[in-house]
Each structure stands twice: as structure tokens, then as C-alpha cells.
């Protein structure tokens, strides 16, 4: 990856139609920034996140291409274009620089950070993640799993190639603004980062070891671990495992790694684990999802139907009634089910939408003059290697 300052300059010149800009974060393979459109008074009208990815030769070689695009891009477009769900994070546009092994994505901005940030906040204050929010996370991720497997939440699309994410974990689930009609007191969980996504279809020429490649150590399903011999098969059961493991660590306020196993090899919540404090139903569902044997895990379809039935069935326990109430009511409107003295148990500590909030004055306005061009080295090649884009295709800017 080029130096961060070079990437910033290229981003600012390439997306010059946005008046506000701020750098968010950088990792080993890329960088994310936020762009803000403003009115004549400097008030923020819209926001978009730009994600620039730079891959080494090994990662570029193993990356799958979907519908003629890097999997990260193609997978998101496929879900977005062929489904009506709002749960997949939206992609607004892209550019690909194949000779540089680099691409850029313009994404829906999720102002409330991610599940990793939320977990760290709860660990710092030693406060449990509210169970209604855990059910919401699970429901949202399961819906995305059904969409990846079927193309629709109601009627399976035909033809449809199954997608397997392969890298579901806390920091790959971002938190978008709350929805009015679904758990309105909590931010909306959305799966992102489809960089390792793969397709399952008859006649796939890729060897099984390549299909299982990718993901993050400590979050991969056992059958995809490099130590597993032979590796595979590659199925959606691997994503079921990672979704379950995400909920498991939110319950335990733990930072990752395989689940605790009992002497018989089955996943378990230990006597001292915070996860033991949650409802038996949630514990059992999560244990089933993180089974070592992939064939023993429930499917996303089964989980989707189970969760729907759970919320449709009249609850006879107080906590269950409260969870169901918060699925449709805001905390402040749930006094019928939750007394004021217990509201704190259901409050979630998460990053608020303050820094780049809509209708507030943008504090990150860029000067009108364009950044100085730097045309030496790799950066100078951007001007001639633009491969693809959605919407208006602009000449790639030099850094």
C-alpha cells in the first residue's frame, strides 16, 4: 500500500465533487475515508465512505472475480441489485486499477462504527451487551446469509450462485442508523468487506484448498483452517459458524478465537462466562451455530424461520416479552414492558453520529484549490489505469 498521505491526495482529487473530506482509518491492505456533500452554507447534505484497497500479488491471485469485478465489488452489487433488503451495506460506485492490483469502492456511510468498537465500549464499562441487540445482530446477519444463499428472503432466485463471505467477524459488521420499523433503539447491523467472498456452483474449477482460502485466523470455521486436512468442503455452514462466533464473543465480551469446548468436544459457555447470563434460547442457538462438525450446524434458512417464529409467538416470560417489545418500540415508548428502573439494562453504548451528522455544519471542508500532483513512482500511474466505474467515468487522478 502506498503512504497514507499519497492515498489521501489521490482520493481528494478523484472525488472532487464532495466539499468535505476526512480520513477515517487504514489497515494492512487499504484505507477508508468519508466524503461529505454540503450546501452553500456548509451544512452536510450527504455522506459516502471511500474504501481504497491495495493487494499484493498473492492476494490478487487468490481473489475471486464476480460478474467481471473483484469479488469485494461484484458480491456487493449482486446482493444489492437482485434483492430488496436494506441489510447488505450499499455500494454507490467503484473504480478498478488492475495493473496496480488496486480498487476503490464508494459505500453507504455507517456512522456508528462497528461491532468491534461496541464490544470494546462494553468491555471498558463491564456492561453486558443488551440481549435484544444481540437478537437484532443475529437476525440481520442471518438475513444476509439467506440472501447470499438464495438471492431473496421469500422465494429462491433461479439461477443463483451461492455466495460465501468467508470473513465474518466483529469488525466486518458496521452499524448504520436505526430503522423506524425494526429495533428502533439500536443501530442497524450490516455485513461489509466481501473481499474474500467465493461462489459455490457445480463445476467450479478452483481447487477446494483455494475455495477455502481467506478469512481471519480465530474466526474461520474449523473445516477452512489450514491445519484441517483435507480442507473443505466450502459451504455456507462456514459463514453460519462465523456468525455464531460473532454473537458468542459479544455475549462473553471476549475478543475472538474459537469457542470454549467441553470434554465431549461440543461448544459450551463456562460457569464463569458472561454468556451464561443470557437466555437459554440464545445460548442454545449460538452453541448450535459454532459446532465443530459443519454438518451439525443449522442452515441460514432454518435460522431465519426459527427467529421469525420466535418473534411471532406470544412470549410468556418477562425478558422475552421485553425483547419482542423492543423489536418494534423505542426504549422510551416501552414503559408498558420495561419499568424506568430497568431501562439501563437495555441501553446500548455505541458510537453516536456526531462528527459527520447530517444537517450540521461541516468542519472538514477542503480548500477549493486542487491538491498538488505527485507523479513519481506508483502513484503517478493512476492517471492511465482506470478500468471500470459506475456512473460518470472520470479520468483517474494522479496522487
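The values are calculated or read from the model by the stated rules, or taken from the named source; none is laboratory data. Here the structure is a predicted model, which means the values were calculated and not measured. FYI the Cβ positions are ideal-geometry reconstructions off the backbone, even for glycines, and counts take in every protein chain you see.
Only residues that are within 21 Å of residue 234 (Cβ to Cβ) and in a loop (DSSP other than H, G, I, E, B): list them for the range 292-341, please. Scanning the range 292-341 gives 292, 293, 297, 298, 299. Considering 90, 78, the condition of being surrounded by fewer than 19 Cβ atoms within 10 Å (Cβ to Cβ), under 24 Å from residue 137 (Cα atoms) and in contact with a strand residue (DSSP E or B) (Cβ under 7 Å, 6 or more places away or on another chain) is satisfied by 90 alone. Determine, yes or no, whether residue 229 is part of a helix (DSSP H, G or I) and closer than 30 Å to residue 206 by Cα. Against the criterion (part of a helix (DSSP H, G or I) and closer than 30 Å to residue 206 by Cα), residue 229 does not qualify.
One residue stands out in the range 19-42 among those that are loosely packed, with under 14 Cβ neighbours inside 10 Å and at pLDDT 90 or above: the one that is nearest to residue 167 (Cα to Cα), namely 39. With respect to residue 189, is the statement that it is touching a residue at least 60 places away in the same chain (Cβ under 8 Å) and part of a strand (DSSP E or B) true? Yes, satisfied.
Could you list, in sequence order, all residues of the range 193-219 that are closer than 15 Å to residue 169 by Cα and either in contact with a strand residue (DSSP E or B) (Cβ under 6 Å, 6 or more places away or on another chain) or in contact (Cβ under 8 Å) with a residue 40 or more places away in the chain (or both)?
Within the range 193-219, 193, 194, 195, 196, 197, 214, 215, 216, 218, 219 meet the criteria.
Filter the range 267-291 for residues that are under 24 Å from residue 238 (Cα atoms) and without any contact (Cβ under 8 Å) to a residue 12 or more places away in the chain and give the result. Spell out how you get there, then give the answer.
Within the range 267-291, the subset under 24 Å from residue 238 (Cα atoms) is 267-270, 275, 280-291.
270, 280, 284 - these are the residues of the range 267-291 that are under 24 Å from residue 238 (Cα atoms) and without any contact (Cβ under 8 Å) to a residue 12 or more places away in the chain.
When residue 127 is tested against (1) in contact (Cβ under 8 Å) with a residue 24 or more places away in the chain; (2) in the same structural domain as residue 277 (by TED's automatic domain parsing); (3) in contact with a helix residue (DSSP H, G or I) (Cβ under 6 Å, 6 or more places away or on another chain); (4) in a loop (DSSP other than H, G, I, E, B), exactly one condition is not met: (3). The lone criterion from (1) in contact with a helix residue (DSSP H, G or I) (Cβ under 7 Å, 6 or more places away or on another chain); (2) not in a helix (DSSP H, G or I) left unmet by residue 95 is number (1). Summed over the range 109-127, the residues that are under 18 Å from residue 344 (Cβ atoms) and surrounded by fewer than 17 Cβ atoms within 10 Å (Cβ to Cβ) give a count of 6.
Looking at residue 139, is it outside any loop (DSSP other than H, G, I, E, B), touching a helix residue (DSSP H, G or I) at 6+ places or on another chain (Cβ under 8 Å) and in contact (Cβ under 8 Å) with a residue 12 or more places away in the chain?
Spelling it out, residue 139 is indeed outside any loop (DSSP other than H, G, I, E, B), touching a helix residue (DSSP H, G or I) at 6+ places or on another chain (Cβ under 8 Å) and in contact (Cβ under 8 Å) with a residue 12 or more places away in the chain.
Checked against the criterion of being within 30 Å of residue 334 (Cα to Cα), touching a strand residue (DSSP E or B) at 6+ places or on another chain (Cβ under 6 Å) and at pLDDT 95 or above, the range 142-153 has at least one qualifying residue. Screening residue 85 on (1) at pLDDT 95 or above; (2) touching a helix residue (DSSP H, G or I) at 6+ places or on another chain (Cβ under 9 Å) shows it passes everything except condition (1). Screening the candidates 265, 232 for the property of being at pLDDT below 95, in contact with a helix residue (DSSP H, G or I) (Cβ under 9 Å, 6 or more places away or on another chain) and farther than 26 Å from residue 85 by Cα yields one hit, 232.
Quick check on the range 334-350. Is at least one of its residues under 27 Å from the mean Cα position of the chain (by Cα), within 30 Å of residue 220 (Cα to Cα) and surrounded by fewer than 16 Cβ atoms within 10 Å (Cβ to Cβ)? Yes, the range 334-350 contains at least one residue that is under 27 Å from the mean Cα position of the chain (by Cα), within 30 Å of residue 220 (Cα to Cα) and surrounded by fewer than 16 Cβ atoms within 10 Å (Cβ to Cβ).
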